[in-house]
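Q: Here it is, the structure in full.
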Amino acid sequence: MNITLRIWRQQNHDDQGRMVSYGVDDISPDMSFLEMLDVLNEQLTLTGDDPVAFDHDCREGICGMCSLMINGLAHGPEALTATCQLHMRHFADGDVIDIEPWRSNAFPVIKDLIVDRSALDRIVQAGGYISAPTGSAPDANTTSVARKDADRAFDGAACISCGACVAACPNGSASLFLGAKITHLGSLPQGQPERDSRAVSMTAQHDAEGFGGCTQIGECTAVCPAGIPLDMISQLNHDVLSGLTQPGGQ
Amino acid sequence: MNDLYTLGEPLVDLKDPGGPIEDRWDKRRFEAKLVSPANRRRLSVIVIGTGLAGGSAAATLGEAGYHVKSFCYQDSPRRAHSIAAQGGINAAKDYRNDGDSIRRLFYDTIKGGDYRSRESNVYRLAQVSESIIDQAVAQGVPFAREYGGLLDTRSFGGVQVSRTFYARGQTGQQLLLGAYQALERQVQAGTVDLHTRHEMLDLIVIDGRARGVVIRDMITGEIETHLADAVVLASGGYGNAFYLSTNAMGCNATAIWRAHRKGALFANPCFTQIHPTCIPVSGTHQSKLTLMSESLRNDGRIWVPAKAGDDRDPREIPETERDYFLERMYPAFGNLVPRDVASRAAKNQCDAGHGVGPTGLGVYLDFVDAIGRLGRSVIESKYGNLFDMYRKITAEDPYQVPMRIYPAIHYTMGGLWVDYDLQSSIPGLFVIGEANFSDHGANRLGASALMQGLADGYFILPNTINDYLAANPLSPGIDTSHPEAVKAATAVRDRIEKLLAINGGRSVDSFHRELGSILWEHCGMERNAEGLEHAIGLIRGLKEQFWSNVRVTGHDEELNQALERAGRVADFFELAELMCIDALNRAESCGGHFRSESQTDEGEALRRDGEYAYVAAWEFTGLGTPPRLHKENLEFEYVELQQRSYK
C-alpha cells in the first residue's frame, strides 16, 4: 500500500507546530501502525531529516505509552484497541491519514506527537492507593471478597492510563480515568477506610490540573482501549458526594 | 582456554550466613546492622527503574524513612515492562491443600533452573513468596477469586501443584499498579523524588563505592549527576540485545552494562530464556514480538505437516499427514514439556522444512480437539483475550484456523552478579529483579519472574541495604563537584557528541536488527563453539561499522529518540560479545542453553555437573582486552542433582 501521512510536527513546547505531509510506500497490511511510522522514520533518517517523535513502549496494548490521534479518533478506528495494536490492514492503498498528538490543556505537547501526561500521575499521588505499608498485611485469605466485587474492581483496574479519554472528551475531562481508579479501590473491602477521602482529594487534584468536568457525553468510553464503562463515572460522582456530605467529610 | 578470556580468582558469596537452610534468612536479618528511624531521612538511595522490583523497593525504602530518588525512562513509573506479564505469580501458600510447601517451591525452582542457582537464595525466595500475596491483596490487587470469595490459584507451566495466583491474563499489570500506587503514595509523602523520562547513562564510583549516577533528562538533554549513599539498579533484563523479543521497545542494558564497565561482575550472560508460544514474525518490518501465555499449551496441540514444504490450508491436511511432534517425542509430557524443550523442537521442525505460515518460521497450535471436547464457550472463557489478541495481530480466527506460533526471546536469567544481600561486586551497588542473576539458574519457571521482582523489592533489599547504609554513609563534603562525578559526566557527554558526529549512512535500527539476527542465529536456543566464534567476529566487525557509519540525527539538547537508541545499541554490542564468550565457555547443555556438542545419544540436553556447576561471573578489563572469568562454585546440600527427562 502507498499511504500519505499528514503529521503534526512541533520542535518543542514553545514552537507553534504545523501539519506536514509525507509519503510512505510499499506498506504491508500486516504492519502495525507504529511499524509503519518506523518505516517513515527510517526514510527520514536516511535523508537527514528529524524523525517523528512519538511515545510507545510495550507495543502489546498494555503499558499505555502510545497515544495518537488518528484521523481525529483517539487510538484510531478500531474499538478496544490501542494505537500499537492497530494494523495497517484497516487502511487502504492511497489513504491520507492525519496523525496528531492528544489535544488537552492538561497535556502540553513536548515534541511532535509526544505530550506530557504527568498530571495523571499527580492525580494518583493525591490518593489513588490503599495505604498498606510493606510488611503490615494480614494473610491474603483473611478477608474474602465477593467475586462480583473482585470482578468490578478488576474492570476499573484495567485502565492503562493512556489518556485517550481526555483526548476524546470535548471538555478535556479525565473523569473516566478517575472513575476507573475510584471504582477499582472502592469496590474492595481493603479500599473502604479511605474511600470517601480518596474520591474528594483525587477529584480536587483532577480539577487543579486543568481537566474539565464531565457532562456524560461518552466519547471517553467509546475510545477507551481497556473498555472502561461509563458507569464508573457514576461511581465517582457517588463517592465524591458521599465524601463531601459525610460527617467528618471534607 | 583461548585468547577470548582469562581465568581469575574463584568467587565466594561471603554474605550467605550458612547453617540450616530454613534459618538462613532469619539469621542474616538478625546479624545485619539496622539504621535507627531518626537517622534514615539523612540517608539517600537512588533506585533506577520502576518495575516490580524498583517500584516496590523505592516505595518500601520510602516508607522506612529513607530519602529515595527514583528514575525511569518512561513517562510514568506505571509503564515499566513488568506490566506486560500475563500468566501469574507463584507462592507457596498451599491454599489448595495439594502438597505444596516452601520446600517444594524451592525444589521446583532449583530443578527448573537446571541446578545452576544458589540454594540459599532460592530457599529465601520461596519463604518470602507467601508475604508477597498478602502484601498485594492488602494494596487492592484484584486477584482472581472463587465464588466463595477466597483467592483462586491454578497450575502453571507443567507444575504439579496449583500455586499460581493470577488476575485474568494481566497479573503483571495488576501487581505493578499495586507497587506503583505504593510508590506514588511515598511521592506524596515526600520521601521519594520521582524523575520520569530520565535515563541512567553511567555509574559514579567514589573510593571504590557506588555513590551516584549520571542521568540524561530525555526532554531537555541535560546531563545531571545525582549522588546518594547507595545505588540500586532495577533496570530489567537485556533480551532486546536480540532486537526482536517480547520486551518493550525501550528495554535496555545500559544501566547494568555501564555498572559492569565500572567494576560490577556480570554473571551467566548467556542464560537467556526462549518462550515457545509467541506470534511468528510477519516480515522484515517487525519491531517486536508478542507473547501469548503458555497456558495455551494446556489445551492446544502442536503440530506441523509431516511432509516438508506442504503448504495446504491446515484444515485440509488429514490427521495421518500431520506430525504432533511433541506428543510423538515426549509421550509422558506431550505438549507440556518445558519451555526450552518445546522451543528447540519447534525450531528443529522449521529448520527441517516443516515450518508453516508465510515465512516458514512457525508451527501450528491447534484447538480443534479442545473445542470439540469442551465446547467453544469453555475455550472462550479460558483463552478469550489471547484469541482476540492473536486475531488482532494476524487477522486469523484461531477458533477456525490453528494458531501459528514460534519461539522468541522472553527473559534473561543472567545479569549482574550479587551476593546473598543482593549487593554487586561494587560495594554500595545493589541489583534487584531481572537485572541480577540470582534465583533462576539456567532457566526460569513460569510465574516466577513476578515473584522474584517483588521478593527483592518489598522484602529482601529493604532488609539487607540497612547493613550497608549503617556502616558506610557518604562522607560529608562530597558533592557533585567531586572529580569522579565530573569525570563520569564528561565521559557521558563525550560519548553523546561522538555518536552525533559520526553522521554515517545507516540508521541505528538497521544495526540493531543485524546484531539481533547474529545473536539469534548463533547464541540463541542452540549454540556450538564454531558458531559462537564466528558470531564474535561478526559482532566485532559490525560494532566497528556502527561507530564509523551510524547516523544519529538531531541534537543533544532536545528530546532525541534516535540518540537514546544509539546509546543503548552501542552497549548491546559490547554485551552481545560477552554473551557469546560466556556461551562458548559453557560447553554443556543446561536449562535454556543447548550446546550441540553436549547431548545424549537420543539428542537430549546433557548437563555436565563435574565441570560446570558454577556461576560464571565476568570481570570487565577494558575495551579490546579479554574479560576475566571468576567461578563461584554451586554446592547442593538439599537437592540431589538429576538429569531432566521428559520422555
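Residues are listed down the side, and each one gets a yes or a no for (1) under 22 Å from B:E530 (Cβ atoms); (2) over 22 Å from the mean Cα position of the chain (by Cα):
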| position | (1), (2) |
| --- | --- |
| B:D582 | yes, no |
| B:G592 | yes, no |
| B:L606 | yes, yes |
| B:G610 | no, yes |
| B:A616 | yes, no |
| B:L623 | no, yes |
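Q: Still on this structure, please answer the following. Across the stretch A:189-209, what is the number of residues that are in contact with a helix residue (DSSP H, G or I) (Cβ under 9 Å, 6 or more places away or on another chain), of a type outside the set (G, A, S) and surrounded by fewer than 23 Cβ atoms within 10 Å (Cβ to Cβ)? Step through it out loud before you land on a result.
A: From the stretch A:189-209, those in contact with a helix residue (DSSP H, G or I) (Cβ under 9 Å, 6 or more places away or on another chain) are A:189-192, A:194-203, A:205-206, A:208-209; that's our starting set.
Still in the running and of a type outside the set (G, A, S): A:189-190, A:192, A:194-196, A:198, A:200, A:202-203, A:205-206, A:209.
Add one more test, that the residue is surrounded by fewer than 23 Cβ atoms within 10 Å (Cβ to Cβ), and what stays is A:189-190, A:192, A:194-196, A:200, A:205, A:209.
Here the count works out to 9.
Q: Looking at B:T196, B:T225, which one is more than 10 Å from every other protein chain (Cβ to nearest Cβ), at negative phi and surrounded by fewer than 24 Cβ atoms within 10 Å (Cβ to Cβ)? Even if it seems obvious, please write down each step before you answer.
A: On the way: B:T196 fails: more than 10 Å from every other protein chain (Cβ to nearest Cβ).
The match here is B:T225.
Q: Let me ask something additional. Out of the residues in the stretch B:73-88 that are of a type in the set (S, T, N, Q) and more than 8 Å from chain A (Cβ to nearest Cβ), state the one that is nearest to B:T196 (Cα to Cα). Show your work before the answer.
A: Initial filter on the stretch B:73-88 (of a type in the set (S, T, N, Q)): B:74, B:76, B:82, B:86.
Next cut, more than 8 Å from chain A (Cβ to nearest Cβ) only: B:82, B:86.
Numbers: B:S82: 16, B:Q86: 25 Å.
In this case the residue turns out to be B:S82.
Okay, residues lined up against (1) surrounded by fewer than 22 Cβ atoms within 10 Å (Cβ to Cβ); (2) of a type in the set (G, A, S); (3) touching a Pro at 6+ places or on another chain (Cβ under 6 Å):
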residue: B:F333; (1), (2), (3): yes, no, no
residue: B:R339; (1), (2), (3): no, no, yes
residue: B:D351; (1), (2), (3): yes, no, no
residue: B:F387; (1), (2), (3): yes, no, yes
residue: B:G428; (1), (2), (3): no, yes, no
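Q: Of B:N503, B:N528, which residue is surrounded by fewer than 21 Cβ atoms within 10 Å (Cβ to Cβ) and over 30 Å from the mean Cα position of the chain (by Cα)?
A: Values: B:N528 fails: over 30 Å from the mean Cα position of the chain (by Cα).
So the residue among B:N503, B:N528 that is surrounded by fewer than 21 Cβ atoms within 10 Å (Cβ to Cβ) and over 30 Å from the mean Cα position of the chain (by Cα) is B:N503.
Q: Within the stretch B:63-119, which residues are touching a Ser or Thr at 6+ places or on another chain (Cβ under 8 Å), among the small types (G, A, S) and surrounded by fewer than 24 Cβ atoms within 10 Å (Cβ to Cβ)?
A: Listed by number, the residues that qualify are B:G65, B:S76, B:A84, B:G87, B:A92.
Q: May I pose another question? Quick check on the stretch A:195-204. Is at least one of its residues at the interface with chain B (Cβ under 10 Å from one of its Cβ atoms), more than 25 Å from A:R59 (Cα to Cα) and either at pLDDT 95 or above or assigned to a loop (DSSP other than H, G, I, E, B) (or both)?
A: Yes, some residue in the stretch A:195-204 is at the interface with chain B (Cβ under 10 Å from one of its Cβ atoms), more than 25 Å from A:R59 (Cα to Cα) and either at pLDDT 95 or above or assigned to a loop (DSSP other than H, G, I, E, B) (or both).
Q: Taking A:S118 as the residue in question, decide whether it is among the hydroxyl-bearing types (S, T, Y), touching a residue at least 60 places away in the same chain (Cβ under 8 Å) and at negative phi. Working first, answer last.
A: Working: among the hydroxyl-bearing types (S, T, Y): yes; touching a residue at least 60 places away in the same chain (Cβ under 8 Å): no; at negative phi: yes.
Against the criterion (among the hydroxyl-bearing types (S, T, Y), touching a residue at least 60 places away in the same chain (Cβ under 8 Å) and at negative phi), A:S118 does not qualify.
Q: Quick check on this structure: which one of B:A471, B:A442 is over 25 Å from B:L176 (Cβ atoms), of a type in the set (A, V, I, L, M, F, W, C) and in contact with a Cys (Cβ under 7 Å, 6 or more places away or on another chain)?
A: Values: B:A471 fails: in contact with a Cys (Cβ under 7 Å, 6 or more places away or on another chain).
Testing whether each residue is over 25 Å from B:L176 (Cβ atoms), of a type in the set (A, V, I, L, M, F, W, C) and in contact with a Cys (Cβ under 7 Å, 6 or more places away or on another chain) leaves just B:A442.
Q: Do you know which of the residues in the stretch B:585-599 that are surrounded by fewer than 19 Cβ atoms within 10 Å (Cβ to Cβ) and in contact (Cβ under 8 Å) with a residue 12 or more places away in the chain is nearest to B:K647 (Cα to Cα)?
A: Looking at residues that are surrounded by fewer than 19 Cβ atoms within 10 Å (Cβ to Cβ) and in contact (Cβ under 8 Å) with a residue 12 or more places away in the chain, I get B:S596.
Q: Quick one: how many residues across the stretch A:111-135 are farther than 30 Å from A:V166 by Cβ and more than 7 Å from chain B (Cβ to nearest Cβ)? Before you say what the answer is, go through the steps one by one.
A: Filtering the stretch A:111-135 down to residues farther than 30 Å from A:V166 by Cβ leaves A:133-135.
Filter once more, so that each one left must be more than 7 Å from chain B (Cβ to nearest Cβ): A:135.
Total satisfying the criteria: 1.
Q: Continuing with this model, one more query. Of B:R168, B:R163, B:R96, B:R154, which residue is within 14 Å of another protein chain (Cβ to nearest Cβ), more than 30 Å from B:R24 (Cβ to Cβ) and either more than 20 Å from the chain's Cα centre (by Cα) or among the aliphatic types (A, V, I, L, M) (or both)?
A: Working: B:R163 fails: more than 30 Å from B:R24 (Cβ to Cβ); B:R96 fails: more than 30 Å from B:R24 (Cβ to Cβ); B:R154 fails: within 14 Å of another protein chain (Cβ to nearest Cβ).
Answer to the selection: B:R168.
Q: Only one residue in B:G19, B:G8 is of a type in the set (G, A, S), farther than 16 Å from B:G433 by Cβ and without any contact (Cβ under 8 Å) to a residue 40 or more places away in the chain. Which one?
A: Values: B:G8 fails: without any contact (Cβ under 8 Å) to a residue 40 or more places away in the chain.
Testing whether each residue is of a type in the set (G, A, S), farther than 16 Å from B:G433 by Cβ and without any contact (Cβ under 8 Å) to a residue 40 or more places away in the chain leaves just B:G19.
Q: Do any strands (runs of 3 or more DSSP E) entirely within the stretch B:265-369 hold 3 or more residues that are more than 25 Å from B:G88 (Cβ to Cβ), and if so, which?
A: B:301-305
Q: Taking the stretch A:153-165 only, how many residues are within 14 Å of chain B (Cβ to nearest Cβ) and either without any contact (Cβ under 8 Å) to a residue 24 or more places away in the chain or within 11 Å of the chain's Cα centre (by Cα) (or both)? Break it down stepwise before answering.
A: Looking only at the stretch A:153-165, we keep the residues that are within 14 Å of chain B (Cβ to nearest Cβ), and these are A:153-163.
Keeping just the survivors that are either without any contact (Cβ under 8 Å) to a residue 24 or more places away in the chain or within 11 Å of the chain's Cα centre (by Cα) (or both) gives A:159-163.
Selection size over the stretch A:153-165: 5.
Q: Filter the stretch B:120-153 down to the residues that are buried (at least 24 other Cβ atoms within 10 Å of the Cβ) and in a strand (DSSP E or B) and list them by number.
A: Passing the criteria: only B:T153.
Q: Hey, can you tell me all the residues within the stretch A:219-236 that are surrounded by 15 or more Cβ atoms within 10 Å (Cβ to Cβ) and either in a loop (DSSP other than H, G, I, E, B) or without any contact (Cβ under 8 Å) to a residue 12 or more places away in the chain (or both)?
A: A:C224, A:P225, A:A226, A:I228, A:P229, A:L230 - these are the residues of the stretch A:219-236 that are surrounded by 15 or more Cβ atoms within 10 Å (Cβ to Cβ) and either in a loop (DSSP other than H, G, I, E, B) or without any contact (Cβ under 8 Å) to a residue 12 or more places away in the chain (or both).
Q: May I ask you to list the residues in the stretch B:76-117 that are in a loop (DSSP other than H, G, I, E, B), in contact with a strand residue (DSSP E or B) (Cβ under 8 Å, 6 or more places away or on another chain), on the phi < 0 side of the Ramachandran plot and modelled with pLDDT of 95 or more?
A: The answer is B:A91, B:K93, B:Y95, B:R96, B:R116.
Q: Further, regarding this structure: Grab the strands (runs of 3 or more DSSP E) fully contained in the stretch A:1-108, keeping just those with 2 or more residues being under 21 Å from B:P280 (Cα atoms), at the interface with chain B (Cβ under 7 Å from one of its Cβ atoms) and at pLDDT 95 or above.
A: Numbers: elements: A:3-9, A:18-24, A:96-100.
It comes to none.
Q: Return the residues of the stretch A:137-146 that are under 28 Å from A:T203 (Cβ atoms) and more than 7 Å from chain B (Cβ to nearest Cβ); say none if nothing qualifies.
A: Within the stretch A:137-146, A:T143 is the sole residue that qualifies.
Q: Continuing with this model, one more query. Considering (1) under 28 Å from B:C72 (Cβ atoms); (2) in a helix (DSSP H, G or I); (3) in contact with a helix residue (DSSP H, G or I) (Cβ under 7 Å, 6 or more places away or on another chain), say which one B:D556 fails and leave the rest.
A: B:D556 satisfies all of (1) under 28 Å from B:C72 (Cβ atoms); (2) in a helix (DSSP H, G or I); (3) in contact with a helix residue (DSSP H, G or I) (Cβ under 7 Å, 6 or more places away or on another chain) except (2).
Q: All but one of (1) closer than 20 Å to B:Q74 by Cβ; (2) touching a residue at least 40 places away in the same chain (Cβ under 8 Å) hold for A:C58; which doesn't?
A: Result: A:C58 passes all but (2).
The values are calculated or read from the model by the stated rules, or taken from the named source; none is laboratory data. From a predicted model like this one, the values you see are computed outputs, not experimental measurements. All Cβ positions, even for glycine, are placed from backbone atoms using ideal geometry, and neighbour counts span all protein chains on display.
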